[in-house]
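The structure under discussion appears below in the form of structure tokens.
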Amino acid sequence: MASSSSQTCALLLALTGFTIVLVATMSNRWTVSSTATVLVPTDWISEGLWMECAVAASGTVQCKRFFYLLSSDIHIQACRALMIISILLGFIATVLSLLGLKCAHIGLSNEDGKVKFAVTGGFIFILGGLCSMVAVSWYAAMVTIQFFDPLYAGTKYELGDALYLGWAGSILYMLGGLFLTCSCKGKKREKYSGSKYGYSVGQAAPQQLIYTKTPEAVTSTKEYV
């Protein structure tokens, strides 16, 4: 049977990826530009999903939120939705996985019920990691297209640190869910792999003896008269 330590390690791996994804979602360094704008002489400008920041030569940081979130590009709005969905799935998967841990004495006491909770939590972790992976990859692809487009008139940005954090967190996110699911699947398969009824080698099933009467054994009563 799978030990509780393997389940705990898988859950910690998924939680590490979930935390990194959460930090990347709130970060303002999804894109970084080293080119100073004409109006604001700064060293670099960075943008995130929710606000943009500028660092002046003196070292001061000035950040402002996007006033109209719905006025952003379609891919930015889609990435926001995917990252929010990923975070919500991470919370749900964490609760289900904690209830399904073998070493946890909360929730169900039935072993089969705990396995189902843990497997469900693992699948949700994988789904959450896929959502964040799609969001980060889509955002990076759009930044790359705009950077190499000679007809793009806006500010050309480069890939920021948050994108690399998002990729790393998504991989850990999905690996943790995969290991958690596989450990519980192996445990369940091993439990029910044996036969339902066990017999020892030395025992043999009792044989039923059947007695039949032959015609020679039947004698007439007249012989004794």
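Among the residues of segment 54-83, the ones that are in a helix (DSSP H, G or I), modelled with pLDDT of 80 or more and loosely packed, with under 10 Cβ neighbours inside 10 Å come to 1 in all.
Among the residues here, L178 qualifies as crowded, with 18+ Cβ neighbours inside 10 Å, of a type in the set (A, V, I, L, M, F, W, C) and modelled with pLDDT of 90 or more.
Figure legend. Inter-residue proximity from segment 75-98: first residues without any contact (Cβ under 8 Å) to a residue 40 or more places away in the chain, second residues in a helix (DSSP H, G or I) and hydroxyl-bearing (S, T, Y), beta-carbon distance below 6 Å, spacing 6+ or different chains. Indicated pairs: L96/T120.
Scan segment 116-164 for residues that are without any contact (Cβ under 8 Å) to a residue 24 or more places away in the chain, charged (D, E, K, R) and within 23 Å of I74 (Cβ to Cβ) and the total you get is 1.
With the structure loaded, tell me whether L209 is open to solvent by 90 Å² or more (accessible area, probe 1.4 Å), at pLDDT below 90, of a type in the set (A, V, I, L, M, F, W, C) and within 30 Å of S33 (Cβ to Cβ) or whether it fails that test. Against the criterion (open to solvent by 90 Å² or more (accessible area, probe 1.4 Å), at pLDDT below 90, of a type in the set (A, V, I, L, M, F, W, C) and within 30 Å of S33 (Cβ to Cβ)), L209 does not qualify. Charged (D, E, K, R) and either crowded, with 18+ Cβ neighbours inside 10 Å or in contact with a Gly (Cβ under 6 Å, 6 or more places away or on another chain) (or both) - does that describe any residue in segment 102-123? Yes: one or more hits.
The values are calculated or read from the model by the stated rules, or taken from the named source; none is laboratory data. If you're wondering where the values come from, they're calculated on a predicted model, not measured in any experiment. Because the Cβ atoms are built from the backbone with ideal geometry, glycine has one as well, and the counts that use them run over all protein chains shown. All accessible areas refer to the heavy atoms of the entire protein, side chains included, with ligands and DNA or RNA removed. Shrake-Rupley method; radii C 1.70, N 1.55, O 1.52, S 1.80 Å.
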